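Data first, discussion second: the structure below is written as C-alpha cells.
The values are calculated or read from the model by the stated rules, or taken from the named source; none is laboratory data. What you see is a predicted model; the values in this text were computed from it and never measured. In this analysis, Cβ positions are derived from the backbone assuming ideal geometry, glycine residues included, and neighbour counts consider all displayed protein chains. Just so you know, the surface numbers come from the protein's heavy atoms only, side chains and all, with ligands and any DNA or RNA stripped out. Shrake-Rupley method; radii C 1.70, N 1.55, O 1.52, S 1.80 Å.
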Amino acid sequence: MFNSLSDRLQDTFDKLRGKGRLTEDDINVAMREIRMALLEADVNFRVVKNFVARCKEKCLESDVLDSLTPAQNVVRIVLDELTVLLGSTDSKLTLAQNRTPNVIMLVGLQGSGKTTAAAKLAYLLKSQGHSPLLAACDTHRPAAADQLATLGSEIGVSVYRGDGRDAVAVATGSIREAVDHMNDIVIVDTAGRLQIDEEMMEEAVAIKRAVRPDQILMVVDAMTGQDIVNVVTEFANRVDFDGVIMSKLDGDARGGGALSVREVTGKPIKFVSMGEKPDSLEVFHPDRMAKRILGMGDVVGIIEQAQKVADEQQMEDAERMLREGFTMDDLLKQMQQIRKMGGLQKIMGMIPGMERAMSQMPAGMDDSQMTRIEAIIHSMTKEERARPKIINGQRRKRIAVGSGRSVQEVNQLIKQWDEMNKMMGKMRGMAQQMGGKGGKKSRRAMQQMMRNMGGGMGGGRFPF
C-alpha cells in the first residue's frame, strides 16, 4: 500500500534533514521530487499540480526557512496538505434515526469488488449491533446472487434474492423483507459493467428512485489509478453518491486513485478494504493514512486493533506472565491475537518506520514466520511448553524433526523466548516498585502497565 510513493517521499525528506538551513533552491528541488513521486504513483496531474503549488507556497514562507528545524517544518506542511488532499476529517456513515430500515446502495464498475464490499460492510455493521439485510440486485452478472448468498452465509447475514430478474423489483422487495424480519439496514448490491454505459446508469437511477437510499456509496478499485477520476465523475453526475469505498488498497503499490478521488469530486472516502477477510473493511481516517504514507505509522490504529481483541482473560494472562514468567503457550496465544488484529504485516505497517524496514528485510519476515514458529511449539511436550528451560540438546533435535524445521531455528526460538522472559522479569520488578511487594497495589500497578501496553498483548518482543 503506497509503498513506492512512501519510499520516494521519505528519501526526499531524508535529503532535507541533512541540511542545516534550507534555501529556495532546496525547496524547489524537494517539490520537484515530490511532484515526480506523485505522478509515478498515478495521481491525477491536476491534483499533483495544485498540491505541489500549495506545499511550495507554504514552504517558502520566512518563518519556515528561518526556523531552527526547517526540514521538520517542510514535513509538517506536506503532512497537513496530504491530510487535506485525503479529506481532512473522518467522514462517517450517516444513518437516518427516524427511518427503518436505512438503505445503503452500492454502485461501481464490474470487477471493482462491489459484491465483496457489500458483504464486508454488512459484517462491519453487524459487529456494531445492527441487523443488516443484503439485497442481490445484480441481475445481469451470472452467479452474482449466488456469490452474495455464499458471502452472506459465511458472516451470518440474510440475503434477499427476489425473482432474480428485475433489479428494481428485487430492491423494493428487500425493503418489505427487512420490515417483516426486523432488519434495520438494507445494503443494495447493484450491477456493474466493464465500462460505463447508459443501461447501467438508467438502472442505477431507477433503483435509487424506487428505494430512496439514505446513503449511496461507490466502490472503487484502488488499482484503477488516475482513470478513476473519469469513472467517479460520471457516477457523481448521474447518481450523486455520498462517499467512496476504496477496495483492494492492500494490493496497490501506487495508490494514485485514493489520492485523486476527493480532490476531483469532493466526495469523501468513507471505507477502505485492506484484505480479503470479512473484517478487512475499515473506516477511513485521512490523518492516519497521511502519516502512514509519510512513514509515521498509525499507533492509534494499533491500539484500536488491540482493544478489539482484548478481554478479561487476556488481562489475567498478562498478570500471570508478570508474576510467573512467559511460557511457549503464552507465545502461541500472542500469535493468535496478532492474527485477529490482521496479521504481522498489517501491524508492522502501522508502526512508524517499520513498513519501510520490513521491505528491506530478508524474505520470510512475514506471517509465514509465525506458522513456522507455531509448528516448532506444537512439537514440544506440555511440560516443555510450560518450562522451556528444560529443553536440552536431545530434546531440541526431537523438536526440530517433529516440526520439520532445523535445530538452528529451534535454538533461535528458545533464545528469543529467554530474552522475552527476562523482559517480563524487569517489568515485574517495575510493577513491584510502583505498587509495593504483592497485594492489591502491586496487582493494580501490573494492570496499569498492561493497559498502557494496549490490553496486555502486543507489548512484548515477538520472535518474528
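Out of the residues in segment 405-420 that are under 31 Å from the mean Cα position of the chain (by Cα) and closer than 11 Å to F326 by Cβ, which is modelled with the lowest pLDDT? Of everything passing the filter in segment 405-420, M420 is modelled with the lowest pLDDT. If we keep just the residues of segment 363-376 that are surrounded by 13 or more Cβ atoms within 10 Å (Cβ to Cβ), over 22 Å from the mean Cα position of the chain (by Cα) and over 13 Å from Q336 (Cα atoms), which is modelled with the lowest pLDDT? Residue satisfying both the conditions and the ranking: R372. Of all residues being among the polar types (S, T, N, Q), in a loop (DSSP other than H, G, I, E, B) and farther than 30 Å from L125 by Cβ in segment 56-106, which is least open to solvent (accessible area, probe 1.4 Å)? Just the residue, please. Looking at the filtered set, the residue picked out is S67.
Of the residues making up segment 107-137, those that are open to solvent by less than 10 Å² (accessible area, probe 1.4 Å), among the β-branched types (V, I, T) and assigned to a helix (DSSP H, G or I) number 1.
All conditions in (1) closer than 20 Å to E263 by Cα; (2) in contact (Cβ under 8 Å) with a residue 40 or more places away in the chain; (3) open to solvent by 70 Å² or more (accessible area, probe 1.4 Å) hold for R17, with the sole exception of (1).
For segment 391-429, filtered to residues that are over 18 Å from T371 (Cβ atoms) and in contact with an Asp or Glu (Cβ under 8 Å, 6 or more places away or on another chain), the residue that is least open to solvent (accessible area, probe 1.4 Å) is I391.
The numbered conditions (1) in contact with a helix residue (DSSP H, G or I) (Cβ under 7 Å, 6 or more places away or on another chain); (2) free of Cβ contacts under 8 Å to residues at least 12 places away in the same chain are all true for V205 except (2). Picking from residues in segment 138-157 that are part of a helix (DSSP H, G or I) and not aliphatic (A, V, I, L, M), the one that is least open to solvent (accessible area, probe 1.4 Å) is G152.
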